[in-house]
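Contents: one structure, followed by commentary.
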């Protein structure tokens, strides 16, 4: 397993101090995120966030989170990250299909507009583009 307490790149190994390499490390990044989540949970608890009259976040939950701030399973994190990236890619494809459909509609509208303006060469070009999207 790679060292997660040190940021590694050609430049960091040559020019960055050990402290700077740690500041940009995976360990520091994920533990900082966890500290932020704990602060958020504590604030939500202080503000009285509840569901059906019961607190959503208990003191025990916050204490449990605090126990594992620095204990990060990077193998599992990588699996979850790759799964999230796969899901994001699938969603992006759907968005791009929807964008392509709307673009094709716009091109068809433009071709009609140019036909009405008696500019057949532009109308023909936008019909071609609509088919190729």
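Residues checked against (1) in contact with a strand residue (DSSP E or B) (Cβ under 6 Å, 6 or more places away or on another chain); (2) free of Cβ contacts under 8 Å to residues at least 24 places away in the same chain; (3) surrounded by 10 or more Cβ atoms within 10 Å (Cβ to Cβ):
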residue	(1), (2), (3)
33	no, yes, yes
37	no, no, yes
55	no, yes, yes
63	no, yes, yes
67	no, yes, no
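Filter segment 1-15 down to the residues that are touching a helix residue (DSSP H, G or I) at 6+ places or on another chain (Cβ under 8 Å) and within 22 Å of residue 73 (Cβ to Cβ), then identify the one that is surrounded by the most Cβ atoms within 10 Å (Cβ to Cβ).
Applying the filter and picking the extreme gives 7.
Name the residues in segment 18-28 that are surrounded by 14 or more Cβ atoms within 10 Å (Cβ to Cβ) and assigned to a helix (DSSP H, G or I), would you?
Correct list: 21, 22, 26, 27, 28.
For segment 16-31, which residues satisfy the criterion of being touching a helix residue (DSSP H, G or I) at 6+ places or on another chain (Cβ under 9 Å) and touching a residue at least 24 places away in the same chain (Cβ under 8 Å)?
26, 27, 30
Report yes if some residue within segment 42-52 is surrounded by 11 or more Cβ atoms within 10 Å (Cβ to Cβ) and either under 30 Å from residue 124 (Cβ atoms) or modelled with pLDDT under 75 (or both); otherwise report no.
no
The values are calculated or read from the model by the stated rules, or taken from the named source; none is laboratory data. Everything quoted here is computed from the prediction, not taken from an experiment. Please note: Cβ atoms are built from the backbone with ideal geometry, for glycine as well, and neighbour counts cover all protein chains shown.
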